[in-house]
Amino acid sequence: MRNTARWAATLGLTAATVCGSLTGSALAAPAAAPTSLYAPSAFVLTVGHGENAATVNAARAVTLNCAPTPSGTHPAAALACAELRAAGGDLDALAGPGDAVCTRQYDPVVVTVDGVWQGKRVSFERAFSNECVKNAARSSLFAF
């Protein structure tokens, strides 16, 4: 049941982020031409303590929008979006180990990323051995 609630919250936040707030007058208006030439790039990122996303509750969640401009509740939205663009949206490359020195304490942390990158659906999960290893990843995307 916890996993169902987490997915429902993630999908709800993703839909709200991508669609934006619609008012009654916006719903009644005829379809207008697109206001942007950019495909949507928006994510909901979660982090929780445990070995996999199916068995943990999200401790924190942030949103990240990268198109047309960086925004969201991610603390470093502009930097995270720039790193995503430089990596071509490859989340595995961004989750690689950094050069920080961390203890070997095993206290697993799971990060999930759900949403769309340049119009394509993305679902990503990565387990780090502890919080230090997560924060030492090559990208600021996971530092929230």
Q: Scan Ala61, Ala100, Ala67 and give me the residue that is under 14 Å from the mean Cα position of the chain (by Cα), touching a residue at least 12 places away in the same chain (Cβ under 8 Å) and in a loop (DSSP other than H, G, I, E, B).
A: Ala67
Q. Within segment 70-97, which residues are touching a Lys or Arg at 6+ places or on another chain (Cβ under 8 Å), among the hydrophobic types (A, V, I, L, M, F, W, C) and part of a loop (DSSP other than H, G, I, E, B)?
A. Ala95
Q) Mind checking which residues of segment 68-99 are of a type in the set (Val, Ile, Thr) and surrounded by 19 or more Cβ atoms within 10 Å (Cβ to Cβ)? A) none
Q.
Based on this model, can you work out whether Gly115 counts as over 10 Å from the mean Cα position of the chain (by Cα), surrounded by 16 or more Cβ atoms within 10 Å (Cβ to Cβ) and part of a strand (DSSP E or B)?
A. no
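FYI, it's all coordinate maths here, none of it is from the lab. Only a predicted model underlies this, so the values are computations on that prediction, with no experimental measurement involved. FYI the Cβ positions are ideal-geometry reconstructions off the backbone, even for glycines, and counts take in every protein chain you see.
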